[in-house]
Every structure is written in structure tokens, then in C-alpha cells.
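See below for the structure under consideration.
Just so you know, all these numbers are worked out from the coordinates, no wet-lab data involved. Everything quoted here is computed from the prediction, not taken from an experiment. Here the Cβ is made from the backbone with ideal geometry for all residues, glycine too, and neighbour counts use every protein chain on show.
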Amino acid sequence: MFFRKSSPFADNDLLSVIRACRVNDPRAQRTLFKQFFGYAKSICLRYTSSTEEAEDVLNEGFLKAFQHLDSYDETLPFKAWLRTILVNTAISHYRKNHRFEQHTSLEAGEQVAFDENIVDHIAAEEILALVQQLTPTYRTVFMMHVVDGYSLHEIAGILSHNEATVRSNYARARQKLQVLIKQAYPSYENSGSGATIPYHEN
């Protein structure tokens, strides 16, 4: 019976782990997965509505990472490279599994201001839990724009949708999140802390 010899690597030497993963060393792959599991899951949770869905995206993202490790430039931060793969995987998951909500414009009289003064009082995990309550379209557009820095024009291109529709969905996502925050933390509604989540037009 043939046994494949594992490549030598040190758990505390990331490059040696990555190089061992490149030759499909299963022990190195488990090590890399374990070291970046928490970081990766936090990214996937931002784009999904449940832990189970996040783990599906996470597993698919790591599979893609292992398959494309040869393209990783060792002079650049590995976390940033992995993050790009995970975000792209989450976006692909959304495109395959969710129908885009076609809101071409806001109705007359609707408010787009996102003036919640309570954000500073809420833990990041609690904010994430509220973001997960948004519809898949709202959540995806919001996270791509606010957290991952895509312009609304870029999001429209990536999702293959009209830019006006993307802008409307972003405005609606901010409105909905404001409502969710005020419902969850009514005692902070008039806190006057001055904290806001920015509204980006680009």
C-alpha cells in the first residue's frame, strides 16, 4: 500500500504551511483551515442569513483557496488574498441562490436618512446579527459597499444589475437596518451620541 509522505512545515510558520498545502498535504490543509477559520467565518456571516449558510460559503471558499494557492503572491498578506476569495465566493453564492430585488426608485415621501445615534452602544456581534436579518439583496449590497468598499457602480457590474436599482436597494437596506436597530434598542433611540453609519453615494 502506498502512503503519501507529508511535506515538512511548522504550525507557526505560515509560508511553510502554505507551501505544504500547495502539494496537497492534508495535515497542512487542516492547519491552515484551523488557523483562519474564525476570520473566514466572520466574513461569510456578513453575507449570509444563518450559520449553516455561512459555513457552506466558508467551505466552498476554502476549497477555492486550496485550488488556487499557486496564484498567491507570498510577498503579499495572505489574509487579504483569502478575504478576496471569500467575498467573491459569497457574492457568487448570492447570485446563484437568491433573486435580486428589483426596486428601481424610492417611493415619494420615503426617507433615506440613516440617522441612528446608537451604533456606538452596540457590540459588533449584535450589529452583525441585525444585518443578517436584512433580505439577501439588501445585505449583499450593504456589505459590499459599506464593509468591502465596492462602489455602487462596481456592485451593479458585479451583480449584473442596473445601477439605479442597486442604489435604491442600498438606500432601502440602510432604512431597514435603522428600523431593526431602533426596534432592538429603543432606549438608545434618543441617545444623542452622534454616531452614524455613513451614506456613500459612489
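At the listed q of 0.12, 0.24, 0.28 Å⁻¹, the Debye profile of the stretch 119-188, built from one uniform point per Cα, gives log10 I(q)/I(0) equal to -0.32, -1.02, -1.25. Values of log10 I(q)/I(0) for the stretch 14-97 across q = 0.15, 0.25 Å⁻¹ run -0.50, -1.24, by the Debye formula with one identical scatterer at each alpha carbon and no solvent. Charge dipole of the stretch 14-97 (Cα centre as origin; +1 on each Lys and Arg Cβ, -1 on each Asp and Glu Cβ, all else neutral): 120 debye, rounded to the nearest 20. Of the GluC sites (Glu not before Pro) found in the stretch 7-103, those in coil by DSSP whose Cβ has at most 16 other Cβ atoms within 10 Å are GLU74, GLU101.
Excluding same-chain neighbours fewer than eight residues apart, the lysines reachable from LYS79 by a Cα-Cα span under 17 Å are LYS34, LYS41, LYS64.
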